[in-house]
Amino acid sequence: MGTRKREVEAPPRSLISRLRDGLYDPRVILLLGVCCAAPFLMNLLKRSGTNFAELPQYQVDRASIQLKNPPEYLPDDLLERTWQRASLPAQFSLLEPGLAERIGKAFEESPWVRQVEQIRLSYPNQIEIKLEYRAPAALVKLRQGYYPVDRDGVLLPPMDFSATQLPLYPVIEGISSPPRGSSGVHWGDLAVWGAAQLAEQFMTISDDQESLWHRYKFAAIQVSGSGEQRITTTEELQRIEYRLVTEQGSEVIWGVAPAVPDPTEPNAETKLKRLAMYLRDFGGLHSAQGPMEIDLRRWKEIARRPLPTPETRTR
C-alpha cells in the first residue's frame, strides 16, 4: 500500500502581518490620502470664497422639470401650483439647503398627491420626483353641484373638473352632508366612503379594457339610510343601503358597502359573480317590459321584479 502524502498547512498569519499587508493595498493608500487631504482642500475652498450654490452647472430652471408619467386626470398646472406653494423661484440651485425637503412638503400638501415616494437630486442639475396620486373615483351630487372624491372619500379640487367630465365617473346621489373641509380632506361621512369604494370596484378596467361600470351601463349610486346626519362609525354604516342605477332606470340593490361585513348578505365577490351571471343569462339589466329591480342581497338566489314605469305610477 502506498503511503498517503500529508498536505502541509501554512501556519496562521499573525494579526500584525495581515494589517501590514493591508496597508500596502493601493486602494487603502488612496483612501488614506484622500482623508488626509480633505481638511486641507476644504480650508482652501473656504479661503477662496467660492459659493458652489451659485455656479452655473448647479442651476435648475423650473421649466425644465416635469412630472414622470402623470395620469390624464391630473390638472396641467399641478407642478406650477406646487412650486408656488413651496415659494421656490423660477431658477434655483440644486445645492440649496433643504431643497428636497421643501419640494416634498409642497407636494404632500397637494390634494392630488396621496404620497411622496421620492425626491432625488442628481448632479449636476437633475430633479427626479416620484409621487403616488389620488385618482377620482366618483362625483358626489349636492344641490350646490358635483364634488369629486377619491376611493377613500377624500375631496378633490372641484375647480379641476368640468361639466364635460360628468359622464366619465359614477355619480353618488342621496348624500346630504357637505364636505367637512377643503380639498385634500376626508369628506367626514362614511356613507360617502362606502359609495366611493363601490364606485372604484366597478370602475376597475377588466381584461377587455372596459370597466364594469360601463359594461353594465350604470349611471349613479343611490345612498339611503343616512338621513341628515353624518355616518361616523362602522356600526352606523351597516344600516346604509347602496343601489346601482342604470342609464335606462333599472336598479341593482347592492346592500352594504363592499368592505363592511354583514352576516345577512353575501360578500362583495359573490355579488359581483352573481351580477355577471345575470348579465350572461338575461343579456342586460333591462327587460323588454322596462326597468328591473335586481336584488343581490339574498343568499340563495337573485330576486328580480319589474319596476313601475312613469306611466304605471300615474294610473
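The values are calculated or read from the model by the stated rules, or taken from the named source; none is laboratory data. Keep in mind that what you see is a predicted model, and the values were worked out from it rather than measured. With ideal geometry, Cβ positions are generated from the backbone for all residues, glycine too; neighbour counts draw on all protein chains shown.
Things worth noting here:
- One residue stands out among those in region 256-315 that are among the small types (G, A, S) and surrounded by fewer than 12 Cβ atoms within 10 Å (Cβ to Cβ): the one that is modelled with the highest pLDDT, which is G283.
- Verdict on V223 being touching a helix residue (DSSP H, G or I) at 6+ places or on another chain (Cβ under 6 Å), part of a strand (DSSP E or B) and β-branched (V, I, T): yes
- Restricting attention to region 134-172, the residues that are out of contact with any Asp or Glu (no Cβ under 8 Å at 6 or more places or on another chain), surrounded by fewer than 18 Cβ atoms within 10 Å (Cβ to Cβ) and in contact (Cβ under 8 Å) with a residue 60 or more places away in the chain add up to 1.
- Scanning region 167-207 for residues that are part of a loop (DSSP other than H, G, I, E, B), closer than 18 Å to E251 by Cβ and either hydrophobic (A, V, I, L, M, F, W, C) or assigned by TED's automatic domain parsing to the domain that holds Y73 (or both) yields a count of 1.
- So Y147, is it out of contact with any His (no Cβ under 8 Å at 6 or more places or on another chain), aromatic (F, W, Y), at pLDDT 90 or above and under 23 Å from V245 (Cβ atoms): yes
- Exclusive hit being in the same structural domain as P178 (by TED's automatic domain parsing) and over 30 Å from the mean Cα position of the chain (by Cα), set L212, L285: L285
- Among the residues listed as E301, E235, E269, the single one being out of contact with any strand residue (DSSP E or B) (no Cβ under 8 Å at 6 or more places or on another chain), without any contact (Cβ under 8 Å) to a residue 12 or more places away in the chain and part of a loop (DSSP other than H, G, I, E, B): E301
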